[in-house]
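The values are calculated or read from the model by the stated rules, or taken from the named source; none is laboratory data. Predicted, not measured: the structure shown is a model, and the values here were computed from it. We place every Cβ from the backbone using ideal geometry, glycine too, and count neighbours over all the protein chains shown. What goes into the accessible areas is simple: the full protein's heavy atoms, side chains included, and nothing from ligands, DNA or RNA. Shrake-Rupley method; radii C 1.70, N 1.55, O 1.52, S 1.80 Å.
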Amino acid sequence: MPCRLKIFMQKFKIYLRTESEEGAECFSADAEARGEEGGTTFLFSGEDGAYRVHIGGSAYIERSGDIAYKLCLTEKASVCIRTAYGDIYAEVLPESFSAENRGDQCFLETVYVLKFPNFSQRHKIIFKAKACGAPAADKDRI
């Protein structure tokens, strides 16, 4: 189900967790949400970059900063990962994707494989967004 939130709710609290064979990272941040491209785009910053997470007809996560990329999470696609040491090219192969909207909260979970020329690496993303001031729909989910 596409995540379509009420546009007048602009400020959100997000939680982002990424997992791979190399370990896991997670953080939470304040975010701004915009209705665009048939869904909702969340804009927020972490320690080492700025992010856009779009959930709608298609879903993607985009990062800018010392490492930059735009990963399509719903269909097979190519990606260029820009680093200070040069560009790295890979294919994104989604394995599972689910998105859910509960009023003023949005949940996304996806598993995908990054296929590089010489190896592949499985990743998992868990993303949760809750409108500021909204009661939790499920205390274990966000």
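The GNM of the chain, with springs linking C-alpha atoms under 10 angstrom apart, assigns the highest mean-square fluctuation among 89, 60, 69 to 89. Pairs of Lys residues in the chain that lie 8 or more places apart, or on two chains, and have C-alpha atoms under 22 angstrom apart add up to 20. Taking trypsin sites (Lys or Arg not before Pro) as exposed when their DSSP state is a loop state and no more than 12 other Cβ atoms lie within 10 Å, the longest site-free interval of the chain runs over 7-75. Distances between placed amide hydrogens fall under 5 Å for residue 73 paired with 59, 60, 61, all partners being 5 or more residues away or on another chain.
Applying the Karplus relation 6.51 cos²θ - 1.76 cosθ + 1.60 with θ = phi - 60° to the range 92-97 yields 3J(HN,Hα) values of 9, 10, x, 9, 8, 8 Hz, where x marks Gly and Pro.
Starting from the coordinates of the alpha-carbon atoms of the chain, obtain the Kirkwood hydrodynamic radius over all distinct pairs and give the value in Å to one decimal. Across the chain, the inverse of the average 1/r is 15.5 Å. Measuring nothing but protein heavy atoms, the accessible surface of the chain at 1.4 Å probe radius is 50 percent carbon and sulfur. Entry comment: accessible area of the chain is 56 Å² per residue, from protein heavy atoms only and a probe of 1.4 Å. Using the Karplus relation 6.51 cos²θ - 1.76 cosθ + 1.60 with θ = phi - 60°, the per-residue 3J(HN,Hα) values for the range 42-53 come to 9, 10, 7, 10, x, 4, 10, x, 9, 10, 10, 10 Hz, with x marking Gly and Pro.
Whole-Hz Karplus values for the range 13-30 come out as 10, 10, 10, 10, 10, 10, 10, 8, 4, 7, x, 10, 9, 8, 7, 10, 7, 7 Hz, taken residue by residue from phi with 6.51 cos²θ - 1.76 cosθ + 1.60 and θ = phi - 60°; glycine and proline positions read x.
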